[in-house]
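Structure first, then comments.
The values are calculated or read from the model by the stated rules, or taken from the named source; none is laboratory data. None of these values were measured; they are calculated from a predicted model. Positions of Cβ are backbone-derived with ideal geometry, glycine not excepted, and every protein chain shown enters the neighbour counts. Keep in mind that these areas ignore ligands, DNA and RNA; they rest on the heavy atoms of the full protein, side chains included. Shrake-Rupley method; radii C 1.70, N 1.55, O 1.52, S 1.80 Å.
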Amino acid sequence: MRSILFLSLSFVLIGACPARLPGQVQAAEPALRVTYGDLAPDTRAGRATLRERVDGAARTYCRTNDRDVAPQLIRNKAGYCFESVRLSLVAEMPDRVRRGYYRR
């Protein structure tokens, strides 16, 4: 009976240990931001600029974080990171801006 109590107590203590040491700086999560408040998605020039900004942000992100986005089995597939990041950015846009993005 004592051994069962001891084993369960050790699991509780292991679970209470901190995930990182104090003073250890945790790396910031990579973030991606595209501004579109100054664009008019109703105009052809505004839509083109929006597409350029989204594509540029996705390319910049994928240059440094490609291995984190692509699953290991398809890491060699060209364009996977770019397409998935681009689609994620577009999915987060308000409806009006998203419709302008897809409109040619």
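Worth pointing out:
- Beta carbons closer than 6 Å, at least 6 apart along the sequence or on distinct chains, pair a first residue in region 36-47 that is under 12 Å from R96 (Cβ atoms) with a second that is modelled with pLDDT of 95 or more and open to solvent by 40 Å² or more (accessible area, probe 1.4 Å) for L39/T49.
- Listed by position, the helices (runs of 4 or more DSSP H) contained in region 1-102 that have at least 2 residues being at pLDDT 75 or above are 44-69, 80-91, 95-102.
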